[in-house]
1. If you build the convex hull over the alpha carbons only and average its shadow over all orientations, what do you get for the stretch 8-82? Give it in nm² to one decimal.
2. Exceeding 29 Å between C-alpha atoms, which entries from my cross-link table qualify? They are Lys142/Lys206; Lys186/Lys236; Lys181/Lys232; Lys142/Lys186; Lys28/Lys176; Lys30/Lys252.
3. Please arrange His172, His70, His239 by how many other C-beta atoms lie within 10 Å of their C-beta, fewest to most.
4. With runs of 4+ DSSP H residues as the only contributors, calculate the mean residue ellipticity of the chain at 222 nm using -39,500 (n - 2.57) per run, divided by the residue total and rounded to the nearest 500.
5. Within 10 Å of each candidate Cβ there may be at most 14 other Cβ atoms; applying that plus a DSSP loop requirement, which GluC sites (Glu not before Pro) in the stretch 167-250 survive?
6. Among (i) 29, 25, 18; (ii) 46, 17, 15; (iii) 83, 22, 11, only one was calculated for this model; which label is it, if the read-out is semi-axes √(5λ) of the Cα gyration tensor in Å?
7. Divide, for the stretch 156-221, the radius of gyration over alpha carbons by 2.2 N^0.38 Å, where N is the residue count.
8. Just to confirm my numbers, what's the Cα centroid distance between the stretch 3-59 and the stretch 210-243 in Å?
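Readers should treat all values here as calculations from the given coordinates under stated rules, not as data from a laboratory. The structure presented is a predicted model; accordingly, all values stated were derived computationally and were not measured. In this analysis, Cβ positions are derived from the backbone assuming ideal geometry, glycine residues included, and neighbour counts consider all displayed protein chains.
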Amino acid sequence: MTLENNTKKCFIFRFYAELNDFLPEHRKQKSFVEYFKTPITLNDVLVSLGIPFSEVDLVLVNGISVQMNHKLKENDRIAVYPKFESLDITSVTNLREKPLRDTKFILDCHLGKLAKYLRMLGFDSFYQNQIGDEEIIEIAAKEGRVILTRDKLLLKSIKITHGYFVRAITKHEQLKEVVRKFDLYKQFESFTRCMSCNEKLKTIDKASIIGRIGPDIARIFNQFYHCPNCDKIYWKGSHFKRMEGFIRELVKE
């Protein structure tokens, strides 16, 4: 039996679409050569190049879909593609067991406003301001949630299977980005969740809350919603109208 040569070997890489955000400028949007000592796995080289596994959905080595533990050989051509949540590619990828189709999110401490907007659209969006990275990873794995973050280092954990680095800065642009990225348009269930705590809202009779709303609100509105968790009352006032207009703009896209 002979041992593999431990000298550095040549590999050709090409990263597609938003995966280029994790590369230095001179490697973006082009094929490039890198050298590694062998034996080495696909997972090892992605970690070395700073590419989060959670943002990768398909890797082709010499045109063939492979898993993360695939051992690379000298002169292999490696093409790496980002997540295809809007497409079912289970027939061509061997990378993970299955894509997430029940779209639930968990957001880090930088994305509190985005969490409220996702809840506004009806998406189950877990958010706590003081939660740490390890707890986020554990909850995501246990509950099948996609991690949304502004922290590139968080996504580099090999424990994460579904995660996304949010590029936009403002809450409106962040929401548009996530909706486009995960093709969420057909999953909107607007104004069905509490924007504060994520609980499903329930309709409530106006007579039972008449003492909790002002006389003008009671006179103008007849339909009210109640959060059974944090006890908040909602109605379709001016804030609702503004949000409804924003949702219409999203749907137009």
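1. 4.3 nm²
2. Too far apart for the 29 Å limit: Lys142/Lys206; Lys181/Lys232; Lys30/Lys252.
3. By the 10 Å Cβ count, ascending, the order reads His239, His172, His70.
4. -7000 deg cm²/dmol
5. When the GluC sites (Glu not before Pro) of the stretch 167-250 are filtered for loop state and at most 14 Cβ neighbours within 10 Å, Glu189 remain.
6. (ii)
7. Expressed relative to 2.2 N^0.38 Å, the Cα Rg reads 1.72.
8. 53 Å
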